[in-house]
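The values are calculated or read from the model by the stated rules, or taken from the named source; none is laboratory data. All figures in this text were calculated on a predicted structure; none of them were measured in a lab. In this analysis, Cβ positions are derived from the backbone assuming ideal geometry, glycine residues included, and neighbour counts consider all displayed protein chains. What goes into the accessible areas is simple: the full protein's heavy atoms, side chains included, and nothing from ligands, DNA or RNA. Shrake-Rupley method; radii C 1.70, N 1.55, O 1.52, S 1.80 Å.
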Amino acid sequence: MGLRAKFNLVILAAFAVGFLVAAIVLNRVVNDNARDQILQNARIMMTAANAIRSYTADDLVPLLPMERDGKFVAETVPAFAAQKNFKQLQDAFSGYAYREAALNPTNLVDRAHDWEADIIRTFRDEPSRQELVTERDTPTGPLLHLARPITIRSEACLTCHSTPYDAPQA
């Protein structure tokens, strides 16, 4: 084998190694950017859901009756308004979901799954934590999950979330 062939093989090997390293680094950068963009979109959507909750609690609850014809009016629940709006948003952005999971909810649809209960416990153990990002494998692929604690900050929420005696009978 001549000197020229050896030189070409060394250059080819160096190019292959460089290409492989560049592909690995580029793949990592692209995945990190995609993850950051998804999380930013989720933060915007979650902030919008919280704004809907606040608007419902502060502006609508004082105007709406808690009961009508002996039945509870779901529209007076800030979580109901946020979830209802987000269901419409999911039609346009099907990859996103919104849940207000709780360990002991009044609506059983909101009961936390085991992995969500672990997140709730993390927030209870670390009260200063404002956000938790987790990733878990599902049968349909990896799931990126952004969680924030649900805290009662509004006096309107305490109507139902203080004692069972204070909550509306319906």
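General remarks:
- When GLN90 is tested against (1) in contact (Cβ under 8 Å) with a residue 24 or more places away in the chain; (2) closer than 30 Å to PRO62 by Cα, exactly one condition is not met: (1).
- Every residue from the stretch 71-88 that is open to solvent by 60 Å² or more (accessible area, probe 1.4 Å) and out of contact with any Pro (no Cβ under 9 Å at 6 or more places or on another chain): LYS71, GLU75, PHE80, LYS84, ASN85, LYS87, GLN88
- Exclusive hit being on the phi < 0 side of the Ramachandran plot and touching a strand residue (DSSP E or B) at 6+ places or on another chain (Cβ under 9 Å), set ALA74, ALA92, ALA101, ALA82: ALA101
- First in the stretch 121-138 and among the aromatic types (Phe, Trp, Tyr), second anywhere and surrounded by 10 or more Cβ atoms within 10 Å (Cβ to Cβ), Cβ under 8 Å, 6 or more apart: PHE123/ARG129; PHE123/LEU132; PHE123/ALA147; PHE123/PRO149
- Filter result for ILE24 (hydrophobic (A, V, I, L, M, F, W, C), out of contact with any strand residue (DSSP E or B) (no Cβ under 8 Å at 6 or more places or on another chain), closer than 30 Å to PRO142 by Cβ and open to solvent by 90 Å² or more (accessible area, probe 1.4 Å)): yes
- Some residue of the stretch 121-131 being modelled with pLDDT of 90 or more and touching a Phe, Trp or Tyr at 6+ places or on another chain (Cβ under 8 Å): yes
- Selection within the stretch 132-170 - surrounded by 14 or more Cβ atoms within 10 Å (Cβ to Cβ) and either at pLDDT 90 or above or at positive phi (or both): LEU132, THR134, LEU144, HIS145, LEU146, ALA147, ARG148, PRO149
- Considering residues of the stretch 113-128 that are over 18 Å from LEU144 (Cβ atoms) and part of a loop (DSSP other than H, G, I, E, B) only, the residue least open to solvent (accessible area, probe 1.4 Å): GLU126
- Some residue of the stretch 38-47 being touching a residue at least 12 places away in the same chain (Cβ under 8 Å) and either more than 13 Å from the chain's Cα centre (by Cα) or within 14 Å of CYS157 (Cα to Cα) (or both): no
- Candidate set: the stretch 45-65, residues that are within 17 Å of CYS160 (Cβ to Cβ) and small (Gly, Ala, Ser); chosen: the one surrounded by the most Cβ atoms within 10 Å (Cβ to Cβ): ALA57
- Here is the figure for the stretch 45-104: residues that are of a type in the set (Phe, Trp, Tyr) and within 23 Å of ARG121 (Cα to Cα) total 1.
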